[in-house]
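**Q** I have a structure here, written as structure tokens, and I will follow up with some questions on it.
The values are calculated or read from the model by the stated rules, or taken from the named source; none is laboratory data. Small disclaimer: the values here were computed from a predicted structure and weren't measured. So basically every Cβ, Gly included, is an ideal-geometry build from the backbone, and we count neighbours across all protein chains shown. Accessible surface is based on the protein model in full, side chains and every heavy atom, while ligands, DNA and RNA are left aside. Shrake-Rupley method; radii C 1.70, N 1.55, O 1.52, S 1.80 Å.
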Amino acid sequence: MRIALGADHAGFPMKDTVRQVIEGLGHEVLDCGTGSTEPVDFPDITQDTCRPVQDGRADRAILVCGTGQGAVMAANKLSGIRCGLAHEPYSAHQAVEHDDANAIAMGAWLVPHALVPDIVREFLGAVFDDDEDTRRRVAKLNALD
């Protein structure tokens, strides 16, 4: 898979760890910024990171900011993006399996670095549980747009 990866200045210190895990799992990374701890606005990074998913250049997106909250809020305002907050592996997996998420947000200030490999692995390895109940629920979710 091709994974769009973006972090704001607060998430930047964890971004390289996430990149290494993605690449270690055999996926390609599309770096969408930022490149330092210089302040940037998380909505801009979120939009830049989700755009490749929207236009088909990436399969999924991973966003890293201080708490993950700003990124998840911004991402879910974008057409075609379903973003979950993933501070532990179970939520990362369930966001895809039950909610057809194509993005997750993580909080660099909150997620223990030891959990990053498990979170990323679960998110990228999860498959949508394409049964009648989950399709109905995701259709209702999409209808809220």
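**Q** Hey, what do the phi angles of the range 61-71 turn into as Karplus ³J(HN,Hα) couplings, whole Hz, using 6.51/-1.76/1.60 and θ = phi - 60°, x for Gly and Pro?
**A** Karplus values, whole Hz, x for Gly and Pro: 10, 10, 10, 10, 9, x, 10, x, 5, x, 5.
**Q** When the helices in the chain are scored as -39500 (n - 2.57) per DSSP H run of 4 or longer and the sum is shared across all residues, what 222 nm value do you end up with, to the nearest 500 deg cm²/dmol?
**A** Rounded to the nearest 500, the figure is -14000 deg cm²/dmol.
**Q** Another question about this same structure. What would the Debye equation give as log₁₀ I(q)/I(0) for the range 61-145 at q = 0.16, 0.19, 0.20 Å⁻¹, counting only Cα atoms as equal point scatterers?
**A** With no solvent term, the Cα-only Debye profile gives -0.57, -0.78, -0.85.
**Q** Please list, ordered by chain and number, the residues whose modelled amide H lies under 5 Å from the amide H of A103; skip anything fewer than 5 residues away on the same chain.
**A** Correct list: A61, R82, G84.
**Q** In the chain, what percent of the accessible surface is made up of carbon and sulfur (1.4 Å probe, ligands and nucleic acids excluded)?
**A** Answer for the chain: carbon and sulfur cover 51 percent of the accessible area.
**Q** By how many degrees, between 0 and 90 and to the nearest 10, does the Cα long axis of helix 42-54 differ from the longest principal axis of the chain?
**A** Here the helix axis deviates by roughly 50 degrees.
**Q** Ok, one more. What is the angle, in °, between the Cα long axis of helix 132-143 and the longest principal axis of the Cα atoms in the chain? Nearest 10 is fine, range 0 to 90.
**A** Roughly 60 degrees, rounded to the nearest 10.
**Q** What translational diffusion coefficient, to the nearest whole µm²/s, does the range 2-143 have by Stokes-Einstein, given a Kirkwood radius computed over alpha-carbon pairs, a temperature of 4 °C and 1.567 mPa s viscosity?
**A** Details: Rh = 14.6 Å.
Calculated translational D: 89 µm²/s.
**Q** Another question about this same structure. For P43, what charge total do you get from the other residues with a beta carbon under 10 Å from its beta carbon, if Lys and Arg give +1 and Asp and Glu give -1?
**A** In short, -3.
**Q** Select from T134, T34, T46 the residue whose mean-square fluctuation is largest in a Gaussian network model of the chain (Cα-Cα springs shorter than 10 Å).
**A** Taking springs between Cα atoms under 10 Å, the residue moving most is T134.
**Q** Label points 7 Å out from Cα along the Cβ direction at S79 and L110: separation in nm?
**A** Taking the two extended label points, one gets 3.0 nm.
**Q** Further question: Can you tally the net charge around P112? Count Lys and Arg as +1, Asp and Glu as -1, for every other residue whose Cβ sits under 13 Å from the Cβ of P112.
**A** Net charge in that neighbourhood comes out at -2.
**Q** What does the accessible area of F123 come to, in Å² to the nearest 10, when a probe of 1.4 Å is used?
**A** 0 Å²
**Q** Further, regarding this structure: For the range 2-143, what is the accessible area per residue in Å², given a 1.4 Å probe and the full set of protein chains?
**A** The answer is 47 Å² per residue.
**Q** Return the sequence-ordered ³J(HN,Hα) values of the range 86-97 in whole Hz as given by the Karplus equation 6.51 cos²θ - 1.76 cosθ + 1.60 applied to θ = phi - 60°, using x for Gly and Pro.
**A** Listing the rounded values in order: 10, 9, 8, x, 4, 5, 4, 5, 5, 4, 7, 4 Hz.
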